[in-house]
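Structure first, then comments.
The values are calculated or read from the model by the stated rules, or taken from the named source; none is laboratory data. Because the structure is a prediction, the values reported are computed rather than measured. Glycine also receives a Cβ, built like all others from the backbone with ideal geometry; neighbour counts cover every protein chain displayed.
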Amino acid sequence: MDWGMQNRLSQLVQPDGRCYFLPIDHGYFQGPTRCLEKPGETIAPLLPYCDALFVTRGVLRAVVNPAQSKPIILRVSGGTSVVGEDLANEEITTSIEEILRLNVTAVGVSIFVGSRYERQTLMNLAELVNACEDYGIPVMAVTAVGKELAKRDARYLGLACRIAAELGAKIVKTYWCEDGFDTVVNGCPVPVVMAGGPKCETEREVLAFVHDGLQQGAIGINLGRNVWQSKHPVPMARALHAIIHAKADVAEAYELYQETVQRA
Ligand code: 5RP
């Protein structure tokens, strides 16, 4: 692997082999998502706990300080909205020149396996990999399901993750699932990180699935709403950081969460 590609990947994946990405890209199809209306304010207290930000170019330019930025994973697919016909009908939104101009560490693109736009979104990934490999920029594939949240079982996720890796993704972001998540990770020849999906009922539930996913082989998280829509975002970020980078178990992380809530 070329030096540039290795250098960028090592900014994302920490020396312990783990990573904590903070996604704030939801507005690209959801608009001003709850608790992300002012993304600059949302991320300010959370940045110390994460290893990279997942963001679109618009929000990057508008609210992220270029002099003090975490590594950036640039969201480069889009073109649909929650009120439109089909969330899967995405194209690549950002040119390679723009990706280079923004000096990002990686780019992220969604694929919608099994949807009407399967081929189009898989070709988005393949063509993005073609363009980015020339410049040593890693591509993170997002196995998206749009509004079809029930699709998130091991068989489907395993299929989508493997296809993403085969097409050249260097990291795959997918959902954790209760049964068979180890088969999803083991069937994917590149590192897997977990997204959160809609907000869980309790904070402990989030800590538990993240801990379980790491035990099953995921290398980290790309978790948004379950952090910044929590009643206590900073304690959540701190507890997740402890699970990911300090080998905390669920009880230890939850204790840390409660301590941080009480101190605030
Ligand atoms: C939105 C995304 C998000 O980055 C991803 O879903 C993670 O965020 P959350 O934990 O809120 O699901 O790709 O399109």
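Taking the conditions exactly as written (at pLDDT below 95 and assigned to a loop (DSSP other than H, G, I, E, B)), does GLY197 satisfy them or not?
The answer is yes for GLY197.
Of all residues in the stretch 215-264, which are closer than 23 Å to VAL142 by Cβ and β-branched (Val, Ile, Thr)?
ILE219, ILE221, VAL227, ILE243, ILE244
Looking only at residues that are part of a helix (DSSP H, G or I) and within 12 Å of the ligand (Cβ to nearest atom) in the stretch 226-244, which one is nearest to GLN215 (Cα to Cα)?
LEU240
Being on the phi > 0 side of the Ramachandran plot and buried (at least 16 other Cβ atoms within 10 Å of the Cβ) is the requirement here; does GLY158 meet it?
Spelling it out, it is not the case that GLY158 is on the phi > 0 side of the Ramachandran plot and buried (at least 16 other Cβ atoms within 10 Å of the Cβ).
When the residues of the stretch 61-78 are filtered to those that are outside any loop (DSSP other than H, G, I, E, B) and surrounded by 15 or more Cβ atoms within 10 Å (Cβ to Cβ), which remaining residue is farthest from the ligand (Cβ to nearest atom)?
VAL63
All but one of (1) touching a residue at least 40 places away in the same chain (Cβ under 8 Å); (2) under 26 Å from GLY217 (Cα atoms); (3) touching a Phe, Trp or Tyr at 6+ places or on another chain (Cβ under 8 Å) hold for ALA160; which doesn't?
(3)
So which residues in the stretch 165-194 are in contact with a strand residue (DSSP E or B) (Cβ under 7 Å, 6 or more places away or on another chain), assigned to a loop (DSSP other than H, G, I, E, B), surrounded by 20 or more Cβ atoms within 10 Å (Cβ to Cβ) and not aliphatic (A, V, I, L, M)?
Residues satisfying the conditions are LYS170, TRP176, CYS188, PRO191.
For GLY217, state whether it is touching a strand residue (DSSP E or B) at 6+ places or on another chain (Cβ under 9 Å), without any contact (Cβ under 8 Å) to a residue 60 or more places away in the chain and either surrounded by 20 or more Cβ atoms within 10 Å (Cβ to Cβ) or of a type outside the set (D, E, K, R) (or both).
yes
Does CYS132 satisfy the criteria of being within 16 Å of the ligand (Cβ to nearest atom), assigned to a helix (DSSP H, G or I) and crowded, with 20+ Cβ neighbours inside 10 Å?
no
Considering only residues of the stretch 91-115 that are in contact (Cβ under 8 Å) with a residue 40 or more places away in the chain and part of a strand (DSSP E or B), which is farthest from the ligand (Cβ to nearest atom)?
Among those residues, the one meeting the criterion is ALA106.
Can you name every residue in the stretch 13-41 that is assigned to a loop (DSSP other than H, G, I, E, B) and within 12 Å of the ligand (Cβ to nearest atom)?
Within the stretch 13-41, ILE24, ASP25, HIS26, THR33, ARG34, CYS35, LEU36 meet the criteria.
On the basis of being more than 14 Å from the ligand (Cβ to nearest atom) and either under 21 Å from LEU100 (Cα atoms) or at pLDDT 95 or above (or both), does SER10 make the cut?
When the stated conditions are applied, SER10 passes them.
Picking from VAL227, VAL172, VAL193, which residue would you name as being of a type in the set (A, V, I, L, M, F, W, C) and either free of Cβ contacts under 8 Å to residues at least 40 places away in the same chain or over 22 Å from GLY108 (Cα atoms) (or both)?
None of the other options fit; the residue is VAL172.
Would you confirm whether any residue within the stretch 79-100 is surrounded by 12 or more Cβ atoms within 10 Å (Cβ to Cβ) and under 25 Å from MET236 (Cα atoms)?
For the stretch 79-100, residues surrounded by 12 or more Cβ atoms within 10 Å (Cβ to Cβ) and under 25 Å from MET236 (Cα atoms): absent.
Tally the residues that are under 18 Å from the mean Cα position of the chain (by Cα) and over 22 Å from PRO191 (Cα atoms), restricting the search to the stretch 240-264.
Of the residues in that region, 0 qualify.
May I ask you to say which residue of ALA150, ALA141, ALA126, ALA160 is under 18 Å from the mean Cα position of the chain (by Cα) and in a helix (DSSP H, G or I)?
ALA160
From the set of residues in the stretch 172-207 that are more than 17 Å from VAL145 (Cα to Cα) and among the β-branched types (Val, Ile, Thr), which is nearest to the ligand (Cβ to nearest atom)?
Among those residues, the one meeting the criterion is VAL206.
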